[in-house]
Amino acid sequence: MKFSATVFNRVVTSSVVAAAVVFGPIFTAVAQAESLKGAGASFPAPLYQKYAREVRKKHPGLKVNYQACGSSCGIRQTKKGTVDFGGSDAAMSDRDINSVKRGVILVPTAGGAVSVVYNLPGVNKLKLSRTTLPLIFAGRITRWNDSRIKKDNPGVKLPNRRITPVVRADGSGTTFIFTNHLSTISRYFKGRVGTSKKPRWPLRRVLKGKGNAGVANLVRRTSGGIGYVNHSFAVKNKIKSAMVQNRSKQFVAPSLSAANRALASVKFPANYRVFVGDSTRGYPIVGLTWMMVYKRYSSPAKAKAVKKWINWVMTDGQKHNGSLQYTKIPASVRKRVLRDMKKVK
Amino acid sequence: MTNSSLQPDSIDENINITSTGGLNHSLDQGFTWVVRSFAFITVFILFWMIWVVYQEAYPAINKFGLGFIFSQDWDTGAPAYGALPYIYGTLISSAIAILIAVPVGLAIALVTSEDFLPKWVKSPIAFLVELIAAIPSVIIGLWGIFVLIPILVPFQQWLYSFFGWIPLFNTEDTSGNNMLTAGIVLAIMILPTMAAISRDVLLVIPKQLRSGAMALGSTRWETIFRVLLPTGFSGIVGAAMLALGRALGETMAVTMVIGNDAFISPSLLDAAYTIPAVLANEFAEAENRLHVGALTYLALILFVLTLLVNIGAVVLVQVLDKNKK
């Protein structure tokens, strides 16, 4: 067959027309469905994915895609503007917020407890006081039959075994919540380790796991191990959690209701950024997670979709928190967020 | 078809075999160029990758220089970064893997290439060993966690209780996530490479050599150790190097079983850390440019390490070959 220019032109034109006829409606359909892209913290990822599924029952056109790439990654992407909303457990600093020209609102979406998980065959109700817990993770208490742990657990037979601390290998919001608590209750820990998403642990013979799953796995298999994971992970993996002391010196086991009690007493400032650190009621190692939304969006349609999404999360969405072991945000705070969301353009 | 009328024995006397025109010639030339450009593109992509990695690593190279290689600190907050514990972990875990995989791999190669087993036994063995190479490394890692470590822990605790006075085994209550376990998992992963290539090498050794050795009255073992293995030596070294390259770069399986503690300890029962493992763990959550720089600097070091290992292998083969003559 001769392949002349005219034939070529005709073929191209007709295929373009055909493609336009076939794919045109699909493109307009995509334009009508509002899709939002989010990325960030992995701690609330299961919850956000549930939100994304449930929100379509009320707003069938709203498509939300959340990528769990980590808290730091969420902040970075929010600063770059490559997402419609970000997620982070460590919140954005004022400097980070000021660097975003479109303005940022921090929306607290859920809270969670961090469990201190351990593996000691034969010991089922381990208690760790406010002096013992920080010293274990600062590397000062290295054996399970240490006199200070014995004092916390009268009558419990503790083995003469080395303590193997298990921490996170990656930077993590969970580590931030945990070290924030330990730094609040112990000056020694604050000086030796400090509050950080990825501190420099002064520990000998430590094991490091990637993600909550990694830590949970290492603790479950290491006899004599102690680590920290999100409460939901400890429940799911059926690992024993230690009871820790709150500010009123009560030993409290981690649970959803104990975490809710602690969060109920928290006062939220105007920018919603609050790191709990300690609590007189309930379980003291709790933290919040935030969605970061912009104050201004490139198109009114996008702004409308974001408002729909956040408003749903702050109202109907909160009902799903409990089933996944996350705490709810107090009603008064939710009302304030809804008021702030009206300003988003 | 017009061609069918042509007689096969009719020769076109006018054919010009030195012609540089026509369709066939340009196809020929075109093909040569396509092949050449593929070769060059591969090399170009390699250099391009090095350049990109170097650029990413530049903030760290600029700040720490060569001191990075000998420093042991790794603190994102300070910031201080040092590569020594990672280099140490990478080299030692790979060395353990090679120490285990070379003898075992050679044994498999000999069993499956010699004739003391019937064919219906040895072909399935060879096939199954090669099948290990097809298992994704995450699966091997999971298997390491759930199957291998529970088996190894009592053995490692026994090592401590009887040989604890040797620094190599001086770790009380080991968790199983340690250098020795990582080495063993790596050895399993590189075994198919080692076994399959050595087997191919042994199979192509000329029959005459074997018959000659046998005819001179040597036993089977003498034939294997004095004739077959020396003849295939360069191929076997090549197999070991290919396997070592895989061990140095292995990421997931090692990350899952090595414990990820950047600390240089003489004990093989202590947790350690390797370069690919720290890249996998920290890259996604890297805090800033310098952190990313330090991680990519580690990647460059891994690249150089692999290069050095390969150069070393080439030199080793040449020196030994020269000594033989």
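The values are calculated or read from the model by the stated rules, or taken from the named source; none is laboratory data. As the structure is a computational prediction, the values presented were derived from the model and not from experiment. Cβ atoms come from the backbone with ideal geometry, glycine included; neighbour counts cover every protein chain shown.
Observations
- Once segment A:196-219 is narrowed to residues that are within 23 Å of the chain's Cα centre (by Cα) and more than 10 Å from chain B (Cβ to nearest Cβ), the residue that is surrounded by the most Cβ atoms within 10 Å (Cβ to Cβ) is A:215.
- Residue count, segment B:100-134 (criterion: farther than 14 Å from residue B:203 by Cα, modelled with pLDDT of 90 or more and surrounded by 13 or more Cβ atoms within 10 Å (Cβ to Cβ)): 5
- Qualifying residue in segment A:61-73 (condition: touching a residue at least 60 places away in the same chain (Cβ under 8 Å) and part of a loop (DSSP other than H, G, I, E, B)): yes
- Criterion applied to A:80, A:57 was being within 14 Å of chain B (Cβ to nearest Cβ) and without any contact (Cβ under 8 Å) to a residue 12 or more places away in the chain, and the one residue passing it is A:80.
- Condition met for residue B:301 (within 13 Å of chain A (Cβ to nearest Cβ) and either out of contact with any strand residue (DSSP E or B) (no Cβ under 8 Å at 6 or more places or on another chain) or within 28 Å of residue A:213 (Cα to Cα) (or both)): no
- Any hit, segment A:294-311, residues being touching a residue at least 24 places away in the same chain (Cβ under 8 Å), assigned to a loop (DSSP other than H, G, I, E, B) and not hydroxyl-bearing (Ser, Thr, Tyr): yes
- Of the residues examined, residue B:266 is one that is in contact with a helix residue (DSSP H, G or I) (Cβ under 9 Å, 6 or more places away or on another chain), farther than 30 Å from residue B:136 by Cβ and either within 14 Å of chain A (Cβ to nearest Cβ) or at pLDDT 90 or above (or both).
- Matching option when the condition is surrounded by fewer than 22 Cβ atoms within 10 Å (Cβ to Cβ), in contact with a Pro (Cβ under 9 Å, 6 or more places away or on another chain) and either under 29 Å from residue A:323 (Cα atoms) or of a type in the set (S, T, N, Q) (or both), among A:179, A:175, A:184: A:184
- Listed by first and then second residue, the pairs with beta-carbon distance under 6 Å, at least 6 apart or on different chains, first residue in segment B:145-173 and within 14 Å of another protein chain (Cβ to nearest Cβ), second of a type in the set (Lys, Arg), are B:172/A:162; B:173/A:161; B:173/A:162.
- Some residue of segment B:194-204 being assigned to a loop (DSSP other than H, G, I, E, B) and within 27 Å of residue B:124 (Cα to Cα): yes
- Listed by first and then second residue, the pairs linking a residue in segment A:169-195 that is closer than 19 Å to residue A:129 by Cα and more than 10 Å from chain B (Cβ to nearest Cβ) to a residue that is among the basic types (Lys, Arg) and surrounded by fewer than 21 Cβ atoms within 10 Å (Cβ to Cβ), with Cβ atoms under 7 Å apart and 6 or more places separating them unless they lie on different chains, are A:183/A:190; A:185/A:130.
- Helices (runs of 4 or more DSSP H) enclosed by segment B:110-182 - at least 1 residues per element that are within 12 Å of residue B:269 (Cα to Cα): B:149-163
- Any hit, segment B:237-252, residues being surrounded by 24 or more Cβ atoms within 10 Å (Cβ to Cβ), facing another protein chain (nearest Cβ under 10 Å) and not in a loop (DSSP other than H, G, I, E, B): no
- In segment A:74-119, the residue that is farthest from residue A:345 (Cα to Cα) out of those that are part of a loop (DSSP other than H, G, I, E, B) and among the hydroxyl-bearing types (Ser, Thr, Tyr) is A:93.
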